[in-house]
Amino acid sequence: MNSLNQIPVMIDCDPGIDDAMMLTLAFAREELNVLLVTTEAGNLTIDKTTYNTLSFLTHINKRVEVAKGLPQPLLRKQEVAENIHGESGLGNVTWSEPTMEASARPAIVAMYDTLINAAEPVTIVATGPLTNIAALLVAHPEVKPCIKQISWMGGAVVGGNMSATAEFNAYVDPHAAELVMRSGVPIIMSGLDVTHKAYITRDEMTRLRTLGTPFAEKVADMMQFYTFTQRQTPFHAPGFAEQIRIHDVSAIACLIAPHIYDGDDYFVEVELEGRLTQGATIVDYTKQSGNEPNVYVLHSVNRAAFIELFFDAVTTIGKTL
């Protein structure tokens, strides 16, 4: 571990409203050393997610290499989520015109070089489809010992938000998700089961505005947009209409504050051929398959602690701008 006892991480994301909130937490915390950010084609096209990443990082004055990822899923036609995140991907909020450019290195090259040259194994935080990571592991399996773990926001034990059975990040590139699940690399899965318990209420969103910074105001505006686009799913708690789920934040929060989450080790695979179930993450929660667990699946969170973690991050970033 380095002198500051930081966790070295690479972030693979597809901003996206909740990706922006995940980046807020990642760059607000001294526990993390963000070595690289790569972009996915997921919530929007790769050009839009790359622009949004550069725009948001410019706004919060964080300069780190941003490498552009693959433009489409491995084997499927691309599907985006502009109906959830807005045409721009960040709701009705404009951040800053980027003063930094995407790296000359494509994401796979940048990821490989970062991992091979790291002083210790690196945690990959993935909050979009797993296209880039699957491609990396297929092209360069020798990097596996350089990866401590993959913390992925995706999947679900039961149900989905893209189809009746599949969560968005697994659904849009199930082949990539399955390759990663079978890679042998340790995985933490923050699926809908836990992320729908890591929500912010409308009252708490109003409280964001009392933090008194332009950044907090923008965050609240972005979240306000989210309230009108999120759908009801099997995971919502009572008072669904008052909840805004900030899914991707859990993939970072569980590294910073693992004690606020509970989970179990399970064998997980991804359905690739089912006419009604393609992209479903099949979690052997009854442990009847005989297969060794390959994923640590989060299922519950201390929401009060989660909210304080998030508010502290918004406060920290807001005070620096």
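The values are calculated or read from the model by the stated rules, or taken from the named source; none is laboratory data. All values reported here derive from a predicted model rather than from experimental measurement. We place every Cβ from the backbone using ideal geometry, glycine too, and count neighbours over all the protein chains shown. Ligands, DNA and RNA are excluded from the accessible area calculation, which covers all protein heavy atoms including side chains. Shrake-Rupley method; radii C 1.70, N 1.55, O 1.52, S 1.80 Å.
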>> I'd like the accessible area for GLU79: 1.4 Å probe, protein heavy atoms, all chains in place, Å² to the nearest 10.
In response: 70 Å²
> Which trypsin sites (Lys or Arg not before Pro) from the range 8-62 combine a DSSP loop assignment with at most 11 other Cβ atoms within 10 Å?
Replying inline: none
> Working out 0.36 nm times the residue gap between GLU97 and SER163, then minus their Cα-Cα distance, what length gain in nm do you get to one decimal?
Replying inline: 20.2 nm
>> Need one word for the range 118-207: rounded, prolate or oblate. Basis is the Cα gyration tensor (sqrt eigenvalues a ≥ b ≥ c); a/c below 1.5 gives rounded, then a/b vs b/c decides.
In response: oblate
> When all protein chains stay in place, what accessible area (Å², nearest 10, 1.4 Å probe) is found for THR320?
Replying inline: 80 Å²
> Mean residue ellipticity at 222 nm from the helices of the chain, using -39,500 (n - 2.57) per DSSP H segment of n ≥ 4 over the full residue count, to the nearest 500 deg cm²/dmol?
Replying inline: -10000 deg cm²/dmol
>> Could you report the chain's accessible area per residue, 1.4 Å probe, as an integer in Å²?
In response: 40 Å²
> Taking the Cα centre of the chain as origin and charging only Cβ (+1 Lys, Arg; -1 Asp, Glu), how large is the dipole, in debye to the nearest 20?
Replying inline: 320 debye
>> Report for the chain the percent antiparallel among DSSP-assigned beta bridges with both residues inside it, nearest 5.
In response: 35 percent
> For the range 67-136, which trypsin sites (Lys or Arg not before Pro) are both in a DSSP coil and crowded by at most 10 other Cβ atoms within 10 Å?
Replying inline: LYS77
>> What is the percent carbon and sulfur in the accessible area of the chain, measuring with a 1.4 Å probe over the protein chains and ignoring ligands?
In response: 52 percent
> If packing is taken as the mean number of other Cβ atoms within 10 Å per residue, what is the order of 164-176, 209-221, 294-306, highest first?
Replying inline: 164-176, 294-306, 209-221
> Which peptide among 95-101, 190-196 comes first, and what is the full order, when sorted by highest mean count of other Cβ atoms within 10 Å?
Replying inline: 190-196, 95-101
>> Projecting each Cα onto the charge dipole of the chain (Lys/Arg +1, Asp/Glu -1 at the beta carbon, about the Cα centre), which of ILE244, LEU136, LEU115 comes out farthest on the positive side?
In response: ILE244
